[in-house]
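The next block holds one structure in the form of structure tokens; read it before the comments.
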Amino acid sequence: MRAIAFPQMTLVRPVVIDGVGLHSGAPVHMVLHPMEADRGVVFRRTDLVAQGRDVSDIRATFGNVVSTVLSTEIGNAAGTTVSTVEHLMSALSALGIDNLLVEIDGPEVPVLDGSSEIFLERIEAAGLEKLDAPRKAIRILKPVAVEDGQKRAALLPGEGFSIAFEIDFDNPVIGRQSIEADLRDPFFAEDILRARTFCLRRDIEAMWEVGLAKGGSLDNAVVVDDDCVMNEEGLRYKDEFVRHKVLDAVGDLALSGLPLIGRYEGCRSGHAMNNRVLRALMADPSAYEVVDFAEARRPAPMARELAISAD
Ligand SMILES: [Zn+2]
């Protein structure tokens, strides 16, 4: 049998992850299982399976996103949902895992430390397995952008998968931050996936009043007061905030179902804009093509045109 240059990947063995849901505050038990080729990432609600309800499986794709308020939530036609999938999806994307079954006994992926670090560590410790099928990719052929007031998100042609992000918060601790990252660079796994989710103190208090963020604490989020970080340990990076926005974007874009080849640019963007720009790309058949991953490593012709016109 001829070796496949870029095979699809899964896990070698199951990985168990326990934690609490950020919004429910309830304990969550999650098991990541190896999965055969061409299945993608599928979430299975084991609490519903236990009730004998055949409504449990949800494929992790952009078209199944049912809410983008505070986190990215996916659902199926039967109304079964799983929320806060983005930090796990970001780790899977960085590791290049194509196929996985995620068994979970509640409606929310555990928040852990508010970053993707624990997912990354546990999955790396288990090890990855090559499957006997070539990896496919979505190559972006022309720019697609969405805007909403000052928020903007764009997908563009390019080599590999690079990200540029900018935030501008009316808060002296966060302020204006921008970053460039490339998913192929070890920097991504080491210094993007460790960035924690964050919120303003006044927002967390408002969420508590309406019964949200019940599991939220200084152990799983950076909480910013008017002019200081409330966490005793401080920040992991001076620009941890924009780094986490990159982490979220990679997780949200992983819902394309295949690795993206191109570039993402976000300005004040969030889960809603990330999903909108992905839907806009996939709605235009002339904006992308599905190719063998090996082939996709060549630059798209459009990328050169853009590079020239940007000078
Ligand atoms: Zn996040």
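The values are calculated or read from the model by the stated rules, or taken from the named source; none is laboratory data. Because the structure is a prediction, the values reported are computed rather than measured. Cβ coordinates were reconstructed from backbone atoms using ideal geometry, including for glycine residues, and neighbour counts include every protein chain displayed. Ligands, DNA and RNA are stripped out before the accessible areas are found, and what is left, the full protein with its side chains, is counted by its heavy atoms. Shrake-Rupley method; radii C 1.70, N 1.55, O 1.52, S 1.80 Å.
Side notes on the structure shown:
- Largest to smallest accessible area among His23, His29 [probe 1.4 Å]: His29, His23
- With a Förster radius of 25 Å applied to the C-beta separation of Val69 and Ala164, the computed FRET efficiency comes to 0.50.
- Residue-wise HN-Hα coupling along the stretch 111-124, computed from phi with Karplus coefficients 6.51, -1.76, 1.60 (Hz; x: Gly, Pro): 7, 6, 9, x, 10, 9, 4, 5, 4, 4, 4, 5, 5, 4
- Extension gain (nm, one decimal) between Glu289 and Arg201, 0.36 nm per residue minus Cα-Cα: 27.3 nm
- Of all lysines in the structure, those lying under 25 Å Cα to Cα from Lys214, and not within fewer than 8 positions of it along the same chain, are Lys245.
- Percent accessible area from carbon and sulfur atoms, the chain, protein chains only, probe 1.4 Å: 50
- For Val85, net neighbour charge (Lys/Arg +1, Asp/Glu -1) across residues whose Cβ lies under 10 Å away: -4
- For the stretch 136-153, backbone phi angles converted through the Karplus equation (6.51, -1.76, 1.60; θ = phi - 60°) give residue-by-residue couplings of 9, 8, 9, 9, 7, 9, 8, x, 10, 9, 10, 9, 8, x, 8, 8, 8, 9 Hz, Gly and Pro being listed as x.
- Charge tally in the Cβ shell below 10 Å around Ser56, where Lys, Arg are +1 and Asp, Glu are -1, Ser56 excluded: -1
- Normalised alpha carbon radius of gyration of the stretch 165-277 [divisor 2.2 N^0.38 Å]: 1.11
- Residues whose amide H comes within less than 5 Å of that of Glu108, counting only those at least five positions distant or on another chain, are Ser83 (H built at 1.01 Å from N in the peptide plane).
- Residue-wise HN-Hα coupling along the stretch 36-42, computed from phi with Karplus coefficients 6.51, -1.76, 1.60 (Hz; x: Gly, Pro): 5, 5, 6, 9, x, 9, 10
- Projected label distance in nm at Asp225 and Lys151, using a 7 Å step from Cα toward the beta-carbon: 2.9
- Less than 5 angstrom separates the built amide H of Val41 from those of Ala60, Leu100, all sequence-distant by 5 or more or on a different chain.
- Restricting the stretch 178-247 to trypsin sites (Lys or Arg not before Pro) in coil, as DSSP defines it, with at most 15 other Cβ within 10 Å: Arg184, Lys214, Lys238
- 9 Å beta-carbon shell around Pro107, net charge (K/R +1, D/E -1): -2
- The spacing between the stretch 113-177 and the stretch 214-231, judged by their C-alpha centroids, is 24 Å.
- In the full protein context, the stretch 7-135 carries 39 Å² of accessible surface per residue, based on a 1.4 Å probe and ignoring ligands, DNA and RNA.
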